[in-house]
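Undergrad: Got a structure for you, questions after.
The values are calculated or read from the model by the stated rules, or taken from the named source; none is laboratory data. No experiment lies behind these values; they were computed from the predicted model shown. Glycine also receives a Cβ, built like all others from the backbone with ideal geometry; neighbour counts cover every protein chain displayed.
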Amino acid sequence: MPSSAPPSRAGPILLRAATTGALALALVSIAAFTTGGVRGYLGDVLVVTFIAAVAATGDLGTPRQRLSATAAIAVGTELFQALELVGPDAPLLLHLTLGSTFDPLDLVAYGIGLGLAALLEGTLWAAPPPAT
């Protein structure tokens, strides 16, 4: 006899949390042990995926809403840099979180990170289908 209980959401939440943890470890490793393009561009790809992973782990909104919010954060950050709103005398924390140099290639890296997050949303992080 088929079960009428709703499918468990624990599996996808645990996978989202594991992905978030792995991405956090990767970002810390990149920041600590790499320089140049690897640190900049790979870090940009992974930080966008990390932001989406945090939102997915918290089960905030729908996948589309999470990806849209993540894109807005990424593009907004680059806009801050383009408008030079983080000056050389800004606190270090602002430089670390927002950066201070506009680079259009960052937008490409963000797009790749969003693509990776969308792939994860559709596969590994996907909620189980409703019971029929």
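Undergrad: Looking at region 10-24, which of its residues are within 26 Å of T101 (Cβ to Cβ) and out of contact with any Ser or Thr (no Cβ under 9 Å at 6 or more places or on another chain)?
TA: Listed by number, the list holds a single entry, A24.
Undergrad: Could you list, in sequence order, the residues of region 102-132 that are under 23 Å from G36 (Cα atoms) and either of a type in the set (A, V, I, L, M) or over 16 Å from the mean Cα position of the chain (by Cα) (or both)?
TA: Within region 102-132, F102, D103, P104, L105, L107, V108, A109, I112, L114, L116 qualify.
Undergrad: Now for a separate question. Within region 38-81, track down each residue that is farther than 19 Å from L96 by Cβ, among the basic types (K, R) and surrounded by 14 or more Cβ atoms within 10 Å (Cβ to Cβ).
TA: Of everything in region 38-81, just one residue is farther than 19 Å from L96 by Cβ, among the basic types (K, R) and surrounded by 14 or more Cβ atoms within 10 Å (Cβ to Cβ), namely R66.
Undergrad: Tell me yes or no: at least one residue of region 57-72 is of a type in the set (K, R) and either touching a Ser or Thr at 6+ places or on another chain (Cβ under 9 Å) or at pLDDT below 95 (or both).
TA: Within region 57-72, not a single residue is of a type in the set (K, R) and either touching a Ser or Thr at 6+ places or on another chain (Cβ under 9 Å) or at pLDDT below 95 (or both).
Undergrad: Looking at D106, D44, D89, can you tell me which residue is over 24 Å from G21 (Cβ atoms) and not in a loop (DSSP other than H, G, I, E, B)?
TA: Matching residue, one of D106, D44, D89: D106.
Undergrad: Please state which one of A109, A24 is in contact (Cβ under 8 Å) with a residue 24 or more places away in the chain and surrounded by fewer than 17 Cβ atoms within 10 Å (Cβ to Cβ).
TA: Going through A109, A24 in turn, just one is in contact (Cβ under 8 Å) with a residue 24 or more places away in the chain and surrounded by fewer than 17 Cβ atoms within 10 Å (Cβ to Cβ): A24.
Undergrad: For region 62-86, enumerate the residues that are assigned to a helix (DSSP H, G or I), farther than 22 Å from A31 by Cβ and free of Cβ contacts under 8 Å to residues at least 24 places away in the same chain.
TA: Hits for region 62-86 are R64, Q65, S68, A69, A72, L79, A82.
Undergrad: To continue, here is another question. How many residues does region 92-103 hold that are of a type outside the set (D, E, K, R) and part of a loop (DSSP other than H, G, I, E, B)?
TA: Count: 4.
Undergrad: Another question, if that's okay. Does L116 satisfy the condition of being hydrophobic (A, V, I, L, M, F, W, C), at pLDDT below 95 and at negative phi?
TA: So L116 does not fit the description; no.
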